[in-house]
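The values are calculated or read from the model by the stated rules, or taken from the named source; none is laboratory data. Note that the structure is a prediction, hence the values are computed from the model and not measured. All Cβ positions, glycine included, derive from the backbone under ideal geometry; neighbour counts span all protein chains shown.
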Ligand code: GLA
């Protein structure tokens, strides 16, 4: 009898683990409140953002999670239950989750593995199982779990604890590990979370480093160069959320940002005000060809193939024997290229002369691999190419 019960439990845990594993076969896509709104959030804004995601074509393009970052929580009640700020979220989180679900979207929330969140709201330390049950009851589908005020806690143990709490609560919830790459989560997080931040926070800037550690777009790309092999279906390197549409990056810089996040198979989590976007911002965020590079089923993160001064060429193998190349001009002056793309990379990828070369920003075929690619790339811009095999 006991054997039977134990095998049932094993099967149950196995199917549950499988359910969790299947949550992020491709990098998660969605929106998060932090980059634009910081703590200035409320249920009205979140509902309007969900409405906008449906209306502006983002949902159709694949975005699905609406994630409420720090500052939604205010306290715990006498039984230890986490409480949402009643002034900002008067209808409560369950009702907000229902609203998001009615739009056909998914509901994300934020907490912290330490005693407090980064904005000094209650963290989940000591309340992991209780919080996971609460999230499951609210219909949460995604948890971003931060690393402030962790004291002497061990990162792997702390994130494993929350993973186990989520398993126990029984609702499949994506676990987004946010420990900023400090203890190299790409080495240990694959069976714990679905994505893990690899760097400090992104700042809204193309090429800069902040004194407290925030990184610009180029600096994050540089930090991503050596760890691509650790990312793949089910568990993704997360170079942080997008700053597209937040009014600082130029359109060409936004193209570099979006192209490279796609090349890196990064989660695509928009961080702007979706209710108020220019046509150009919408076009960038919903560029299907670029999103397809990000969401390619192989899930291989790009390799930095060449670097000559301010010019870099990144390369990403895709399904159907296709490839993507992203040529970045890091300088603010135009650079002309005359590049042969026929090559052999890492002894396993062979590019012969049988490919059509397509520009994923102009949506035009610009040649084949029989001849060199000749182009001028404006300052702070990219040429994002897909090489489509003609040998199917
Ligand atoms: C940390 C995270 C950010 C954001 C803030 C909220 O800095 O890395 O992404 O969640 O906390 O306080």
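Some points to look at:
- Among the residues of the range 183-193, those that are touching a strand residue (DSSP E or B) at 6+ places or on another chain (Cβ under 9 Å), in a loop (DSSP other than H, G, I, E, B) and within 16 Å of the ligand (Cβ to nearest atom) comprise 189, 193.
- Single residue of the range 73-85 satisfying the filter (free of Cβ contacts under 8 Å to residues at least 40 places away in the same chain and in contact with a helix residue (DSSP H, G or I) (Cβ under 9 Å, 6 or more places away or on another chain)) that is farthest from the ligand (Cβ to nearest atom): 79
- Any hit, the range 86-96, residues being within 16 Å of the ligand (Cβ to nearest atom) and either assigned to a strand (DSSP E or B) or within 17 Å of residue 40 (Cα to Cα) (or both): yes
- When the range 32-51 is filtered for residues that are within 13 Å of the ligand (Cβ to nearest atom) and not in a loop (DSSP other than H, G, I, E, B), the ones remaining, listed by number, are 32, 34, 35, 36, 37.
- Checking each residue in the range 286-312 for being without any contact (Cβ under 8 Å) to a residue 12 or more places away in the chain and either touching a strand residue (DSSP E or B) at 6+ places or on another chain (Cβ under 6 Å) or closer than 16 Å to residue 268 by Cβ (or both) picks out 292, 306.
- Which listed residue is assigned to a strand (DSSP E or B) and either away from the ligand (no atom under 14 Å from the Cβ) or in the same structural domain as residue 37 (by TED's automatic domain parsing) (or both), from 204, 237: 237
- Test for residue 188: is it under 25 Å from residue 254 (Cα atoms) and either at pLDDT 95 or above or crowded, with 23+ Cβ neighbours inside 10 Å (or both): no
- Of note, residue 244 does not satisfy the criterion of being in a helix (DSSP H, G or I), surrounded by 15 or more Cβ atoms within 10 Å (Cβ to Cβ) and in contact (Cβ under 8 Å) with a residue 40 or more places away in the chain.
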